[in-house]
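Report on one structure; see the data block that follows.
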Amino acid sequence: MNRQKIAKAIYKLDAWLESMRNEQGYTGPISHWWASCLLYSGPMIDWRYEGIISGYLNLHRITQNTRWLSRAITAGDDICQAQLPSGKFFNSSFQVGPIEGGTPHEAAVDVALLELATYLKEMNDDRWEKYYRTAGLNLKEYYLSELWQGEAFLDQHWNNTLVPNKNATAIEALLLYQTLSGDSMETYVFKAVEVIFRGQVLDNSLRHGGVVHLGTGKHQLAIGIYTARIVGAMVRLYEQYPNPEYRRSFQAMGEFLLRLINEHGTYFGYYPHGKLIRCPNWISPSGDVLRALLVLQPHMNIPQNKIEQLVKVLFTNQHASGGIATAYKLDKKGAKYLLKSELPDFRDVLPVVGWCDKTFRALTLLATAEAMNSALSEIGHNSYHEMDCTWNKQLCLYVEDTKEIHLTAVDGKKTLYQWRKGEWYPKIYRL
């Protein structure tokens with residue numbers, strides 16, 4: 001594996017992430033399967049911070065370059081400044097828009113804070129307490145007081161759905177908090193893991209090992225990127241409580257994820273009767289699949305060619321500006337047909353901080369100090385990227401640089417979208 005190329009991709013992602021910041025945090029429009037938040041584009045305190053902080057901590061651990069710890073601290077301070085009196089976080093709902101109380105987003109933010117606190121405490125840096133207290137307030141006042149219903153964590157206090165991947169992220173946060181605080185969280189953790197077991201498919205179909213999003217009703221979608229997020233929680237749980245049942249569960253998840261990898265990224269998942277959902281084909285969100293496979297390597301055989309195939313897709317789809325495309329064919333979501341040589345949709349090519357962080361974190365697990373130090377002198381300054389795409393069947397030109405993202409309809413040269421990075425709303429919105 002070319003570690004130099006990995007280092008260059010990391011530096012480009014770092015520069016792109018910096019271009020997406022304002023004084024309150026990381027900004028930008030969002031595209032997703034469920035919905036796309038293309039109008040509000042201001043700062044959000046959601047799961048983007050999980051990958052960003054963890055990735056920067058990985059880089060500091062590898063290189064001891066203070067640049068990376070400084071980045072992690074800045075991101076941690078964003079979160080602390082954005083905590084509301086309720087313990088929730090400002091604008092934590094990702095594709096839903098600018099409201100608090102997002103799940104699994106607030107738990108993912110807690111994971112970020114607690115990983116930062118753990119790292120600083122190990123360094124005898126007193127700043128750890130600030131991040132620990134912020135996460136603790138959120139966990140106690142929101143997760144344990146509002147979302148816990150005696151069996152697991154609700155999707156929302158007004159929604160009784162028990163979603164496996166959302167409970168998994170809560171498990172990760174609670175395990176980290178338990179270690180730092182000395183307070184047992186086992187009552188919550190051991191019950192929440194049962195939601196994961198109930199959602200996991202263990203039949204003889206191609207869905208075997210995948211975890212069903214229990215909020216998808218009759219569709220019973222077994223979704224790859226959410227299964228990947230559960231892997232992280234299950235491995236962390238197994239490392240603290242080596243129950244063979246946990247190991248069998250995440251090994252089956254790993255086998256499921258391997259089947260989703262293709263030359264364009266990772267397939268979305270499966271319908272109930274084993275029909276493959278080919279669209280959207282995930283690109284930057286596949287970073288969570290890559291991370292899952294990397295954390296699974298000590299516990300099962302993960303073919304190296306699958307790792308390299310996924311890394312190659314991420315390299316191929318990294319823009320000159322540093323961000324990475326989100327998907328292919330979000331405009332045909334749910335489709336079961338083979339991918340064709342069609343232009344991508346605007347939402348496909350749009351790089352999203354809350355997806356690119358997942359690739360960033362995964363790539364940092366493959367970084368080496370030697371390659372990071374060597375690549376620093378080779379990083380260029382080209383940040384202009386343009387490519388053809390579509391919007392509502394119109395041929396469009398997507399353009400991005402360090403200052404803005406711009407979408408123009410080729411026929412008539414009409415600007416459909418113009419967002420200046422860091423601002424809370426687009427200057428032009430004709431989508």
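Observations, loosely collected:
- When the range 400-423 is filtered for residues that are surrounded by 16 or more Cβ atoms within 10 Å (Cβ to Cβ) and of a type in the set (A, V, I, L, M, F, W, C), the ones remaining, listed by number, are 405, 407, 409, 416, 419.
- Of all residue pairs spaced 6 or more apart or on separate chains, those with beta-carbon atoms under 8 Å, a first member in the range 143-155 that is in contact (Cβ under 8 Å) with a residue 24 or more places away in the chain and a second member that is acidic (Asp, Glu) and exposed (fewer than 15 other Cβ atoms within 10 Å of the Cβ) are 151/194; 152/194.
- Residue count for the range 209-234, restricted to those that are under 19 Å from residue 287 (Cα atoms), in a helix (DSSP H, G or I) and out of contact with any His (no Cβ under 7 Å at 6 or more places or on another chain): 10
- From 341, 286, residue being of a type in the set (S, T, N, Q), surrounded by 23 or more Cβ atoms within 10 Å (Cβ to Cβ) and either over 25 Å from residue 38 (Cα atoms) or in contact (Cβ under 8 Å) with a residue 40 or more places away in the chain (or both): 286
- For the range 93-121, a residue qualifies if it is of a type in the set (A, V, I, L, M, F, W, C) and part of a loop (DSSP other than H, G, I, E, B), and exactly one does: 99.
- Total residues in the range 174-209, condition more than 17 Å from residue 107 (Cβ to Cβ) and in contact (Cβ under 8 Å) with a residue 60 or more places away in the chain: 3
- Matching residues, the range 376-395, being of a type in the set (A, V, I, L, M), at pLDDT 80 or above and touching a helix residue (DSSP H, G or I) at 6+ places or on another chain (Cβ under 8 Å): 387
- If you check 283, 261, 302, 277 for being under 25 Å from residue 111 (Cα atoms) and of a type in the set (Val, Ile, Thr), only one passes: 283.
- Matching residues, the range 21-71, being of a type in the set (A, V, I, L, M, F, W, C), surrounded by fewer than 24 Cβ atoms within 10 Å (Cβ to Cβ), in a loop (DSSP other than H, G, I, E, B) and touching a helix residue (DSSP H, G or I) at 6+ places or on another chain (Cβ under 7 Å): 34, 35
- Selection from the range 274-318 of residues that are basic (Lys, Arg) and either under 18 Å from the mean Cα position of the chain (by Cα) or closer than 20 Å to residue 234 by Cβ (or both): 291, 306
- Checking each residue of the range 139-162 against the condition of being aliphatic (A, V, I, L, M), over 25 Å from residue 289 (Cβ atoms) and surrounded by 23 or more Cβ atoms within 10 Å (Cβ to Cβ) gives at least one match.
- Contacts under 8 angstrom Cβ, first residue in the range 210-238 being closer than 13 Å to residue 193 by Cα, partner basic (Lys, Arg), 6 or more apart: 232/291; 238/247
- Cβ-Cβ contacts under 8 Å between residues 6 or more apart (or on different chains), taken from a first residue in the range 294-311 that is at negative phi to a second residue that is among the charged types (D, E, K, R), are listed as 299/247; 309/263.
Yes or no, residue by residue, for (1) surrounded by fewer than 20 Cβ atoms within 10 Å (Cβ to Cβ); (2) touching a residue at least 40 places away in the same chain (Cβ under 8 Å); (3) hydroxyl-bearing (Ser, Thr, Tyr):
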| position | (1), (2), (3) |
| --- | --- |
| 113 | no, yes, no |
| 118 | yes, yes, yes |
| 127 | yes, yes, no |
| 134 | no, yes, yes |
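To keep it simple, each residue is scored yes or no on (1) at pLDDT 95 or above; (2) within 23 Å of residue 145 (Cβ to Cβ); (3) not charged (D, E, K, R).
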{"residue": "61", "(1), (2), (3)": "yes, no, no"}
{"residue": "66", "(1), (2), (3)": "yes, no, yes"}
{"residue": "69", "(1), (2), (3)": "yes, no, yes"}
{"residue": "75", "(1), (2), (3)": "yes, no, yes"}
{"residue": "79", "(1), (2), (3)": "yes, yes, yes"}
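- Some residue of the range 265-280 being charged (D, E, K, R) and either touching a His at 6+ places or on another chain (Cβ under 8 Å) or farther than 21 Å from residue 334 by Cα (or both): no
- Residue list for the range 192-206, restricted to those being crowded, with 16+ Cβ neighbours inside 10 Å and at pLDDT 95 or above: 192, 193, 195, 196, 199, 200, 201
- Test: residue in the range 264-273 that is at pLDDT below 95, more than 17 Å from the chain's Cα centre (by Cα), surrounded by fewer than 24 Cβ atoms within 10 Å (Cβ to Cβ) and within 20 Å of residue 317 (Cβ to Cβ): yes
- The listed residue being within 30 Å of residue 342 (Cα to Cα), among the aliphatic types (A, V, I, L, M) and not in a helix (DSSP H, G or I), out of 206, 258: 206
- Qualifying residue in the range 149-165 (condition: within 17 Å of the chain's Cα centre (by Cα) and either of a type in the set (Val, Ile, Thr) or not in a helix (DSSP H, G or I) (or both)): yes
- Test for residue 364: is it in contact with a strand residue (DSSP E or B) (Cβ under 9 Å, 6 or more places away or on another chain), crowded, with 20+ Cβ neighbours inside 10 Å and among the β-branched types (Val, Ile, Thr): no
The values are calculated or read from the model by the stated rules, or taken from the named source; none is laboratory data. Computed from a predicted model, the values in this text were never measured in an experiment. Neighbour counts run over all protein chains shown; Cβ positions are idealised from the backbone, glycine included.
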